[in-house]
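The values are calculated or read from the model by the stated rules, or taken from the named source; none is laboratory data. Remember, it's a predicted structure, so these values are computed and weren't measured experimentally. Here Cβ is always computed from backbone atoms with ideal geometry, including for glycine, and neighbour counts include all displayed protein chains.
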Amino acid sequence: MKRTLIITGGAGFIGSHVVRLFVNKYPEYRIINLDKLTYAGNLANLKDIEDKPNYKFVKMDICDFEGVLKLMQDEKVDGVIHLAAESHVDRSIKDPFTFAKTNVMGTLTLLQAAKLTWEALPEKYEGKRFYHISTDEVYGALEITDPAGVEPPFTTKASSGRHHLAYGTAFFTEDLKYQPHSPYSAAKASSDHFVRAYHDTYGLPVVVTNCSNNYGPYQFPEKLIPLFINNIRHGKPLPVYGRGENVRDWLYVEDHARAIDLIFHKGKVAETYNIGGFNEWKNIDLIKVLIRTVDRLLGNPEGTSDHLITYVTDRAGHDLRYAIDSTKLQKELGWEPSLQFEEGIEKTVRWYLDNQAWMDNVTSGDYQKYYDDMYLNR
Ligand code: NAD
Ligand code: TYD
């Protein structure tokens, strides 16, 4: 079936993996990557597919109502996969207004443009889909618990025999009340409510997913994993917030992209699906794995970079533990993570070490010129 999809935020970390997957897997679809190219958007993330005939890039702000509406109408768009957002918690603490504008008003703008475009068609919402990508951070924070007198993490086996690491017995399930704490998660929570309101009020065919922390290639080096890999490589301090006791559930980004593909095509309208790695790590333990892996791959003796660990003032309102229960997605659509963490982290560290030019480009800001060279000056 031919389809025309807008993927917003396709030049960002997760978005670039989703765009690549859809462009390669569905040559019969037209994929429009709509991205404003903020500091986090980098077209070099998509170099390998930028000349494919079914791919088009449009530089646009999701808050530009006239622009988005015209694009949707002109291109006869029948699906939206919405990833564009301001995504870094530390930035949201310094500049909450930008987060409200992009994450809330930008999402509302896309919803209204989709509604007006689709309502005007004879078939209306038939065959249409608005897929909103959200985060587990909207659920707030969980406790670290030790019910059996066993020191966490508990290791259990997921159904396929994979390890499941957990720091407590409570998990985020789809029916939990939203309790966001940071300006980032508050803005994402608000956008999720607008998406559901557009279904309940106007019948817009929406689906929402809430995912845990992603890791993998092309992540902007302000987030923990790429920042620390780069710092270890260059012998720079590793700023560990608080005591490094906070727990995150890590998922390899290509597994998230696979889940998005599945849910876009097979997920039920108006449903929410949680996506997670069944893979909880205390920050300090994860940092030690990163140090060991980078040192080994660089040929440094074990322990070379241990001294880089530097405990710094904790993040304001730092959520203690995130842990997703993605049983619903597993049972209803058969998805589960494909990579065990050890394998995923090895691949990730290798990628950053092998792609120092990408890292230098991003950290120097030079990549911002890429768009002009690629699209304006040719
Ligand atoms: P990212 O910051 O790497 O990329 C965001 C992209 O959105 C960039 O390309 C940026 O240029 C674009 N963008 C920002 N503001 C825009 C605007 N006003 N108009 C158009 N484009 C704009 O983010 P990411 O980590 O890839 O996250 C993508 C989505 O997934 C976000 O909605 C985020 O909330 C969600 N999410 C991320 C994670 C994670 O671990 N990274 C986990 C769960 C959910
Ligand atoms: P981050 O990658 O910013 O993702 P999120 O805040 O969305 O979970 O941070 C992951 C964890 O690592 C989080 O508990 C904060 C911590 N952290 C540090 O200790 N030092 C750092 O420099 C960064 C960026 C994060």
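Details
- Of the strands (runs of 3 or more DSSP E) lying entirely inside the stretch 264-323, those containing at least 3 residues that are farther than 30 Å from G203 by Cβ span 280-282, 309-312.
- Figure legend. Inter-residue proximity from the stretch 57-69: first residues more than 14 Å from V80 (Cβ to Cβ), second residues of a type in the set (K, R) and surrounded by fewer than 18 Cβ atoms within 10 Å (Cβ to Cβ), beta-carbon distance below 8 Å, spacing 6+ or different chains. Indicated pairs: C63/K101.
- Selection of first residues in the stretch 16-39 that are closer than 13 Å to V80 by Cα and of second residues that are among the acidic types (D, E), restricted to Cβ pairs under 8 Å at least 6 apart or on distinct chains, gives the following pairs, ordered by first then second residue: V18/D261; F22/D261; R30/E75; I32/E75.
- Per-region count, the stretch 275-295, residues of a type outside the set (A, V, I, L, M, F, W, C), within 16 Å of ligand 2 (Cβ to nearest atom) and touching a helix residue (DSSP H, G or I) at 6+ places or on another chain (Cβ under 9 Å): 5
- Residue match in the stretch 182-198 (condition: more than 9 Å from ligand 2 (Cβ to nearest atom), free of Cβ contacts under 8 Å to residues at least 24 places away in the same chain, more than 19 Å from the chain's Cα centre (by Cα) and farther than 30 Å from E143 by Cβ): yes
- Within the stretch 288-317, the set of residues being in contact with a Phe, Trp or Tyr (Cβ under 6 Å, 6 or more places away or on another chain) and not basic (K, R) comprises L290, D314.
- Selection within the stretch 225-244 - more than 11 Å from ligand 2 (Cβ to nearest atom), farther than 19 Å from K347 by Cα and touching a Ser or Thr at 6+ places or on another chain (Cβ under 8 Å): G235
- Members of the stretch 208-257 that are in a strand (DSSP E or B), of a type in the set (F, W, Y) and more than 8 Å from ligand 1 (Cβ to nearest atom): Y241, W250, Y252
- Hey, I284 in contact with an Asp or Glu (Cβ under 9 Å, 6 or more places away or on another chain) and at pLDDT 95 or above or not: yes
- The set of residues in the stretch 91-141 being in contact with an Asp or Glu (Cβ under 6 Å, 6 or more places away or on another chain) and free of Cβ contacts under 8 Å to residues at least 40 places away in the same chain consists of T98 alone.
- Here S326, S338 are screened, and the one residue that is at pLDDT below 95, among the polar types (S, T, N, Q) and touching a helix residue (DSSP H, G or I) at 6+ places or on another chain (Cβ under 7 Å) is S338.
- Long-range neighbours under 8 Å by Cβ, at least six apart or interchain, first residue over 20 Å from V289 (Cα atoms) and touching a residue at least 24 places away in the same chain (Cβ under 8 Å) within the stretch 209-221, second near ligand 2 (Cβ under 9 Å from one of its atoms) and part of a strand (DSSP E or B): N210/T135; C211/T135
- Residues that are of a type in the set (A, V, I, L, M) and within 20 Å of the chain's Cα centre (by Cα) were ranked within the stretch 334-361; the one that is surrounded by the fewest Cβ atoms within 10 Å (Cβ to Cβ) is M359.
- The condition of being within 12 Å of ligand 1 (Cβ to nearest atom), closer than 21 Å to T348 by Cα and modelled with pLDDT under 95 holds for only one of A44, A40, A11, that being A44.
- Flag for K47 being basic (K, R), surrounded by fewer than 21 Cβ atoms within 10 Å (Cβ to Cβ) and assigned to a helix (DSSP H, G or I): yes
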